[in-house]
Amino acid sequence: MERLRSSPLHANISTALDKHLESVHVVQARRKDEIVNASSRQRHGPPRCQDERVVLALAVALRALCLATRKVRTVLWCAFQMTLPK
């Protein structure tokens with residue numbers, strides 16, 4: 001979009017994209033933790049309190065990803081509107 005516009009976009013656009021990417025990485029890490037925890041639970045018996053913390057951490061990460069996705073969609077729509085010819 002910057003090439004179409006021949007000028008740099010607002011700094012908030014890059015910031016929103018970076019936060020979205022960071023949120024994706026956090027969700028991936030929490031999901032890996034959940035998978036590791038689930039596989040160790042099968043070996044060691046009944047669920048523990050730790051399992052709930054892992055699932056809650058994943059839920060918090062998913063909520064942050066949802067909010068970041070909404071923001072990045074809006075920011076990209078605004079950037080697209082700015083690149084359209086008048």
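Count of segment 54-86 residues, restricted to those that are in a helix (DSSP H, G or I), among the charged types (D, E, K, R) and farther than 19 Å from residue 13 by Cβ, is 1. Summed over segment 46-86, the residues that are more than 25 Å from residue 33 (Cα to Cα), of a type in the set (Ser, Thr, Tyr) and modelled with pLDDT of 90 or more give a count of 1. The residues of segment 9-38 that are over 13 Å from residue 64 (Cα atoms), of a type outside the set (Val, Ile, Thr), in a helix (DSSP H, G or I) and in contact (Cβ under 8 Å) with a residue 40 or more places away in the chain, listed by number, are 12, 17.
The values are calculated or read from the model by the stated rules, or taken from the named source; none is laboratory data. All values reported here derive from a predicted model rather than from experimental measurement. With ideal geometry, Cβ positions are generated from the backbone for all residues, glycine too; neighbour counts draw on all protein chains shown.
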